[in-house]
Amino acid sequence: MSDRHPDHYVAPVDETQPGAVDQVKLSARKSNMWLDAWRDLRKRPLFYVALVLALLVTVVALFPSWFTPLDPNAPGACLLADSNGAPVDGHPLGFTRQGCDVYSRIIYGASTSLTVGLLVVAITGAIGIPMGAIAGFYGGWVDSFLSRVGDIFFSIPYFLAAVVVMSVMSEYRNPLVISFAIGGFAWASLARIVRAEVLRNKNLEYVMASEAIGRSRGSTLLKHVLPNSMGPVIVTLTLSLGAAITAEATLSLLGIGLNGYMSWGNEIAQAQQTLRTNPSALFWPSLALTLTVLAFTFLGELIRDALDPKARARR
Amino acid sequence: MTETIPVTDSHGTVPVADPNQPLVSVRDLEVTFRTQNGPVNAVRGVSFDIFPGETVAIVGESGSGKSTTATALMKLLPGNGGISGGEVLVEGTNIVDHDEKKMAAIRGGVIGYVPQDPMSNLNPVWSVGFQVREAIRANGVASGKKEIEARAIEVLQQAGLQDAERRLSQFPHQFSGGMRQRVLIGIGLGADPKLLIADEPTSALDVTVQKVILDHIESLTKDNGTAVLLITHDLGLAAERASKVIVMNQGRIVEAGPSKDLLTNPQHPYTQRLIAAAPSLASRRLESTSAREEGADAATFDMAQMAERRAESVDADAAPVVSVKNLTKDFSIRKKGFRSEPFRAVDTISFDIPKGTTLALVGESGSGKSTAAKMILGLEEPTSGEITVNGTAMTGVSRKDLFKLRSRMQPVFQDPYSSLDPQRSIASSIAEPMRVHGISDKSVRRERVLELLDQVSLPAELFNRYPNELSGGQRQRVAIARALALKPDVVVLDEAVSALDVLVQAQILQLLADLQAELGLTYLFITHDLAVVRVIADNVAVMERGKIVESGSTDEIFESAKQPYTQRLLDAIPGAGLDWGV
C-alpha cells in the first residue's frame, strides 16, 4: 500500500455514484428568515411566558374594567378610613395611604404606562428609522449632516434631557409630552443601527439589480433595503419599550412625570412615603412594572436570538 | 502503471529521510461535525500517502471534504468537528490522540500551512515583521533578537519580497494580495517544514499573480525537498502542479492516481464529468472529444463540445446591438486635506456587439471592466463617450427614456448569495421587473414567471419558495430568469459564473448558450477567467488599466495573441502548460 508510485485507484462506482448536478431539493415546508425565526421562537418556553405576560398587560391596559369592578377615578373611590389598610375581601392588595385600592390602581395604571411605552417606541422609530436610512443610503454630505445631528443627540443622555424638558413643561405633564421628552432624545442610537444595516445592505447585488431594472433610488430603499434592515430594528424597539416604561416611572417618581394620571410610576412615588408602615403599597406596583419590563426585554432578546442563525446553531 | 512520472518529486539539496517511507500516511480517516441536524460525516474513509518531496493535490467541489481533510492533518478542525475514526501517521507516529502541546511541535515544524485568503489571514494591527518573527519564535527555528530578525528577513527574501528589511516594519494593508500571500507562504515555510499544506492558495488572486505564486511555491519546495499537499477546485491546476491527484466527492475519494494518467484516462463517472466540465481543459481536449462521448451521460456537460458548437454558429455580419464609442469614466480620489485627484477607471474604450453574439470583456481586478459594465447598464454615469443600444443613444437622454432603455438590457451579477432579495419569494423576484415596468395584470405576470422558470430549468414548485432554500447555481438561474423577464436584447453577465463550482458552472454556461440560441440574446460577458471565455464568447476584448489592449475573435485571441499582456493571461490559465502528449 505504501508505494511511492501507487496505481490508479477508482472507487467502486455503485457506492459513490454522483447524483444529478445541482438538483433542486426542496424541504417539505417553506423557509425564509421570518419563518425560520418563528419556528425557533415556537420551541422556546420563555417566549410563551413573555408573550402571555405582554399580551396580558396589553389587554389590561385596553380593558381595565374587565379585571376590577372598582373605578379608582370615581369620586369617593378612596376613603381615608381605609388608609394603609390590609387586604380585605374585594381589595386583594390592600390600600394606600390615601385609602385607595392598590389593585384597581395598578390595573388602571397599566394603560398609562403602556401608552407611554408605545408612544416612545413610535416616536423613536418615526425619527430614527428615516434618519438612519436616508443617511446610510444616500451617503455623502447628507450622511455627514444627518450623522452629526444624530451625534449631537447621542451625546445628550436621553434621561437627563427628559428631566429638563419635563421640568420646563410643568404645565403639560400628559403622556404625549412625556413620550416626546423621552423619545425625542432616544432615537439617535436607533438611527445608528439603521444606518449600519442600510450600509451593509445597500451594496449587495440585489440592490444593484433593482436599480438596473429601473426602480428609483427611493423606491429601492423602501422596497428592498429597509425590509432587509428591519431585524435589529424590531429587537431594539422591543427592548426600548421596556426602557421607556421605566423612564416614565422614574420621572414620575422624581415628581416631574405625569400629573393627574394614574401610572405605576406615580403609585410608586406615593407609596415611597409609607415604605416602613405599608411596604405592600410599594411592592405591588413595582412588581407590575418589573414584570412588564421583563416581558418586553425577554421578547426583544428572544427575537434577536431567533433572527440570528448563528445564535440558533449555538443552542 | 509502471511508467514513472517526471515530476516534482526530484530531491533537492536538503537530504530527505527515507524517500520510500511516507511522510504522512492517512488511513481510513473519518471526520464528523456536530450540527443542529445531528452529526455530519464530512470525511468518510479517506486513505492516502504523501512521500517526502512530492506534490499531491486534492481536487473537489465545495463541500467535498477536501479542506476538512487538510485541516484534520494538523488537527485544526473547527470546535464542532473531530476525527472520529482512522489514523493519521506523521513520520510514522499516529497524531490522532496527540494533545495540543504535541501538535504545536508538528504544526509549523513538520507541517506548514498556507491559508486560502491572504486578505484576512494577516492580522491588520501588527506589522508584517511582527507576524513573521512570531512564527519563527513559535517554531523555535531561531532564538535571540538578532537571529530572529535575520531569519525573518531571510524568510521574506525567500518568499520573493524585494527590499525585505524595510518591508518588515510595514503593515498588511500596505501589501497587495499577491505580496500578502507571499508573506503567508514565507511564514508557512519559515521553519523548513517537511510538508506544506496549501489550501486554495491562489483562488483569491488575479490569474497572472496566481501563476507567479504557484511557480514560487513550486521552486521553493523543490529546492528544500518539501512535500506539498495542494487543495484546489481546479483540475487543470492540480494536474499541472502535482504528481498525484486525489479527487474527492461528498467526503470520499472517488479516484486517485498519477495526475497524467488520471486526466487522460478518467475511470470514475464523477471524474469524467469534472474533466468534461473544466473550461481550462476544454481547449486542450478538442481532439479527443468523440472518444469520450460514448461514456458521457446526460448530466455531463462537455465544454469542448460547447466551444466547437459556438465556433460554427457565429454570424459575423449581424448589425451591432450594443455600440460603445470612446467611453471614459473618471473618478475623483480623495487625497490628504481637501484635494482630490482624478482617476481614470475606463479610458476611451470602443466596441460593438453584433446581435446574437457574445463579447467577453476580460481583465484582472482593477482593469475597469466592471465599471464599463455598470455604465452600459446605466448604473454609472459616463464621463464622456457614447453608448448606443439598438440604435438609441443611452447617454444624455431623459430619465424616462433611460427607464425604457433599461428594459432592453438586464444584468446577472457575480455573487449568487446576494443577488436575490432574501425576503422575497422566487416568483416575486422574477416578477419584479414586470411590476416596475407596468405589467399590472397579476395573471399575466404569473404566466410569464412560470414560463421563465421553465426556461431556466427550475421546477414550478419554486414559485412560492425563498432564495435561502436554493444552492448557488439555482439562485443564479433565478437571477437569469429575472434578467430575462422583460425579454431584453442584451444581458450583461458580470462574472456571472465565477463563484460557482465547476460542474454547476458548466451547467449554467450551457443554459446561457441554449438561451442565446433560443431567444437570440446578445451577451456582454465580463470575466477575469479566460478559460471560460473560450467556451462562451465569440469575440474577446482584453482590458488592462482602463484600456482595451487587444480585441478580436475568440480564436484569434487564443491562437495568435499579439499583446504580451494577453499572452500572459493565456499562459496563466491553469493547465495551459500541460504537456498532454496526446
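The values are calculated or read from the model by the stated rules, or taken from the named source; none is laboratory data. Computed from a predicted model, the values in this text were never measured in an experiment. Cβ sites come from the backbone with ideal geometry, for glycine too, and all protein chains shown count toward neighbours.
Residues checked against (1) surrounded by fewer than 20 Cβ atoms within 10 Å (Cβ to Cβ); (2) more than 22 Å from B:Ile58 (Cα to Cα); (3) among the acidic types (Asp, Glu):
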{"site": "B:Gly160", "(1), (2), (3)": "yes, yes, no"}
{"site": "B:Arg166", "(1), (2), (3)": "yes, yes, no"}
{"site": "B:Ser176", "(1), (2), (3)": "yes, yes, no"}
{"site": "B:Leu184", "(1), (2), (3)": "no, no, no"}
{"site": "B:Gly188", "(1), (2), (3)": "no, no, no"}
{"site": "B:Asp206", "(1), (2), (3)": "no, no, yes"}
{"site": "B:Val209", "(1), (2), (3)": "no, no, no"}
{"site": "B:Val212", "(1), (2), (3)": "yes, no, no"}
{"site": "B:His216", "(1), (2), (3)": "yes, no, no"}
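Restricting attention to region A:109-138, and to residues there that are out of contact with any Gly (no Cβ under 8 Å at 6 or more places or on another chain) and over 20 Å from A:Val149 (Cα atoms), which single residue is surrounded by the fewest Cβ atoms within 10 Å (Cβ to Cβ)?
A:Leu118
Tell me which helices (runs of 4 or more DSSP H) are completely within region B:436-551 and hold 3 or more residues being under 23 Å from B:Val389 (Cβ atoms), or say none if there are none.
Once the helices (runs of 4 or more DSSP H) in region B:436-551 are filtered for at least 3 residues that are under 23 Å from B:Val389 (Cβ atoms), what remains is B:442-455, B:472-484, B:502-519.
For residues in region B:358-397 being of a type in the set (A, V, I, L, M, F, W, C) and surrounded by fewer than 21 Cβ atoms within 10 Å (Cβ to Cβ), which is farthest from B:Pro564 (Cα to Cα)? Before you say what the answer is, go through the steps one by one.
So the first thing to find is which residues in region B:358-397 are of a type in the set (A, V, I, L, M, F, W, C), and the list is B:359-362, B:372-373, B:375-377, B:379, B:387, B:389, B:393-394, B:397.
Checking the rest, the ones that are also surrounded by fewer than 21 Cβ atoms within 10 Å (Cβ to Cβ) come to B:379, B:393, B:397.
On the way: B:Leu379: 33, B:Ala393: 35, B:Val397: 39 Å.
Within region B:358-397, the match that is farthest from B:Pro564 (Cα to Cα) is B:Val397.
Which residues, counting only those in region A:25-75, are within 14 Å of chain B (Cβ to nearest Cβ), in contact with a Leu (Cβ under 8 Å, 6 or more places away or on another chain) and of a type in the set (Gly, Ala, Ser)?
The answer is A:Ala37, and nothing else.
Going by what's in this entry, would B:Ser419 be described as crowded, with 19+ Cβ neighbours inside 10 Å, under 34 Å from the mean Cα position of the chain (by Cα) and at the interface with chain A (Cβ under 9 Å from one of its Cβ atoms)?
Details: crowded, with 19+ Cβ neighbours inside 10 Å: yes; under 34 Å from the mean Cα position of the chain (by Cα): yes; at the interface with chain A (Cβ under 9 Å from one of its Cβ atoms): yes.
Considered against the rule, which asks whether it is crowded, with 19+ Cβ neighbours inside 10 Å, under 34 Å from the mean Cα position of the chain (by Cα) and at the interface with chain A (Cβ under 9 Å from one of its Cβ atoms), B:Ser419 comes out as yes.
Within region B:7-14, can one find any residue that is out of contact with any strand residue (DSSP E or B) (no Cβ under 9 Å at 6 or more places or on another chain), more than 10 Å from chain A (Cβ to nearest Cβ) and at pLDDT 55 or above? Steps first, answer last, please.
As a first pass, look at region B:7-14 and keep what is out of contact with any strand residue (DSSP E or B) (no Cβ under 9 Å at 6 or more places or on another chain): B:10-14.
Next, from what is left, pick out any that are more than 10 Å from chain A (Cβ to nearest Cβ): B:10-14.
Applying the additional criterion that residues be at pLDDT 55 or above yields none.
Taking every residue of region B:7-14 in turn, none turns out to be out of contact with any strand residue (DSSP E or B) (no Cβ under 9 Å at 6 or more places or on another chain), more than 10 Å from chain A (Cβ to nearest Cβ) and at pLDDT 55 or above.
Residue-by-condition table, conditions (1) basic (Lys, Arg); (2) within 19 Å of the chain's Cα centre (by Cα):
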| site | (1), (2) |
| --- | --- |
| B:Lys146 | yes, no |
| B:Arg151 | yes, no |
| B:Ala159 | no, no |
| B:Gln170 | no, no |
| B:Leu195 | no, no |
| B:Asp206 | no, yes |
| B:Lys211 | yes, yes |
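Return a yes/no flag: does region B:221-229 have any residue that is within 14 Å of another protein chain (Cβ to nearest Cβ), closer than 21 Å to B:Glu54 by Cα and touching a Phe, Trp or Tyr at 6+ places or on another chain (Cβ under 8 Å).
Yes.
Can you tell which of A:Val52, A:Val24, A:Val59 is over 30 Å from B:Pro258 (Cα atoms), of a type outside the set (S, T, N, Q), part of a loop (DSSP other than H, G, I, E, B) and free of Cβ contacts under 8 Å to residues at least 40 places away in the same chain? Talk me through it step by step, then tell me what you get.
On the way: A:Val52 fails: part of a loop (DSSP other than H, G, I, E, B); A:Val59 fails: part of a loop (DSSP other than H, G, I, E, B).
Answer to the selection: A:Val24.
Run down A:Arg39, A:Arg105, A:Arg44, A:Arg29 and say which single residue is of a type in the set (D, E, K, R) and surrounded by 17 or more Cβ atoms within 10 Å (Cβ to Cβ).
On the way: A:Arg39 fails: surrounded by 17 or more Cβ atoms within 10 Å (Cβ to Cβ); A:Arg44 fails: surrounded by 17 or more Cβ atoms within 10 Å (Cβ to Cβ); A:Arg29 fails: surrounded by 17 or more Cβ atoms within 10 Å (Cβ to Cβ).
Step by step, each of A:Arg39, A:Arg105, A:Arg44, A:Arg29 is checked, and only A:Arg105 is of a type in the set (D, E, K, R) and surrounded by 17 or more Cβ atoms within 10 Å (Cβ to Cβ).
Have a look at A:Ala288, A:Ala281, A:Ala306 and point out the one that is within 23 Å of A:Asn84 (Cβ to Cβ) and under 19 Å from the mean Cα position of the chain (by Cα). Before you say what the answer is, go through the steps one by one.
Details: A:Ala281 fails: under 19 Å from the mean Cα position of the chain (by Cα); A:Ala306 fails: within 23 Å of A:Asn84 (Cβ to Cβ).
Of the residues listed, the single one that is within 23 Å of A:Asn84 (Cβ to Cβ) and under 19 Å from the mean Cα position of the chain (by Cα) is A:Ala288.
With respect to B:Lys400, is the statement that it is surrounded by fewer than 17 Cβ atoms within 10 Å (Cβ to Cβ) and more than 11 Å from every other protein chain (Cβ to nearest Cβ) true?
Details: surrounded by fewer than 17 Cβ atoms within 10 Å (Cβ to Cβ): yes; more than 11 Å from every other protein chain (Cβ to nearest Cβ): no.
It is false that B:Lys400 is surrounded by fewer than 17 Cβ atoms within 10 Å (Cβ to Cβ) and more than 11 Å from every other protein chain (Cβ to nearest Cβ).
Quick grid of which residues meet (1) surrounded by fewer than 18 Cβ atoms within 10 Å (Cβ to Cβ); (2) among the hydroxyl-bearing types (Ser, Thr, Tyr); (3) more than 30 Å from B:Ser419 (Cβ to Cβ):
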residue: A:Met208; (1), (2), (3): no, no, no
residue: A:Arg217; (1), (2), (3): yes, no, no
residue: A:Val235; (1), (2), (3): no, no, no
residue: A:Ser252; (1), (2), (3): no, yes, yes
residue: A:Ser263; (1), (2), (3): no, yes, yes
residue: A:Arg276; (1), (2), (3): yes, no, yes
residue: A:Thr292; (1), (2), (3): no, yes, yes
residue: A:Phe296; (1), (2), (3): no, no, yes
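In this structure, does A:Gly150 turn out to be part of a helix (DSSP H, G or I), among the small types (Gly, Ala, Ser) and surrounded by fewer than 21 Cβ atoms within 10 Å (Cβ to Cβ)?
Numbers: part of a helix (DSSP H, G or I): yes; among the small types (Gly, Ala, Ser): yes; surrounded by fewer than 21 Cβ atoms within 10 Å (Cβ to Cβ): no.
It is false that A:Gly150 is part of a helix (DSSP H, G or I), among the small types (Gly, Ala, Ser) and surrounded by fewer than 21 Cβ atoms within 10 Å (Cβ to Cβ).
Being away from chain A (no Cβ under 11 Å) and either in contact with a helix residue (DSSP H, G or I) (Cβ under 9 Å, 6 or more places away or on another chain) or buried (at least 24 other Cβ atoms within 10 Å of the Cβ) (or both) narrows it down to one residue among B:Ala485, B:Ala496, B:Ala513; which is it?
Values: B:Ala485 fails: away from chain A (no Cβ under 11 Å); B:Ala496 fails: away from chain A (no Cβ under 11 Å).
Every option except B:Ala513 fails the conditions.
Can you find a residue in region B:113-120 that is more than 20 Å from B:Leu220 (Cα to Cα), in contact with a Pro (Cβ under 8 Å, 6 or more places away or on another chain) and either of a type in the set (Lys, Arg) or not in a helix (DSSP H, G or I) (or both)?
no
Could you pull out the residue among A:Thr220, A:Thr238, A:Thr246, A:Thr250 that is touching a helix residue (DSSP H, G or I) at 6+ places or on another chain (Cβ under 8 Å) and more than 29 Å from A:Ala162 (Cα to Cα)?
Numbers: A:Thr238 fails: more than 29 Å from A:Ala162 (Cα to Cα); A:Thr246 fails: more than 29 Å from A:Ala162 (Cα to Cα); A:Thr250 fails: more than 29 Å from A:Ala162 (Cα to Cα).
Step by step, each of A:Thr220, A:Thr238, A:Thr246, A:Thr250 is checked, and only A:Thr220 is touching a helix residue (DSSP H, G or I) at 6+ places or on another chain (Cβ under 8 Å) and more than 29 Å from A:Ala162 (Cα to Cα).
Which condition breaks for A:Ile213 when tested against (1) out of contact with any strand residue (DSSP E or B) (no Cβ under 9 Å at 6 or more places or on another chain); (2) within 14 Å of another protein chain (Cβ to nearest Cβ); (3) without any contact (Cβ under 8 Å) to a residue 24 or more places away in the chain; (4) surrounded by fewer than 24 Cβ atoms within 10 Å (Cβ to Cβ)?
A:Ile213 satisfies all of (1) out of contact with any strand residue (DSSP E or B) (no Cβ under 9 Å at 6 or more places or on another chain); (2) within 14 Å of another protein chain (Cβ to nearest Cβ); (3) without any contact (Cβ under 8 Å) to a residue 24 or more places away in the chain; (4) surrounded by fewer than 24 Cβ atoms within 10 Å (Cβ to Cβ) except (1).
In region B:334-357, what residues are in contact with a Lys or Arg (Cβ under 8 Å, 6 or more places away or on another chain) and surrounded by 20 or more Cβ atoms within 10 Å (Cβ to Cβ)? Outline the logic, then answer.
Initial filter on region B:334-357 (in contact with a Lys or Arg (Cβ under 8 Å, 6 or more places away or on another chain)): B:340-341, B:344-350.
B:Ala345, B:Val346, B:Ile349 - these are the residues of region B:334-357 that are in contact with a Lys or Arg (Cβ under 8 Å, 6 or more places away or on another chain) and surrounded by 20 or more Cβ atoms within 10 Å (Cβ to Cβ).
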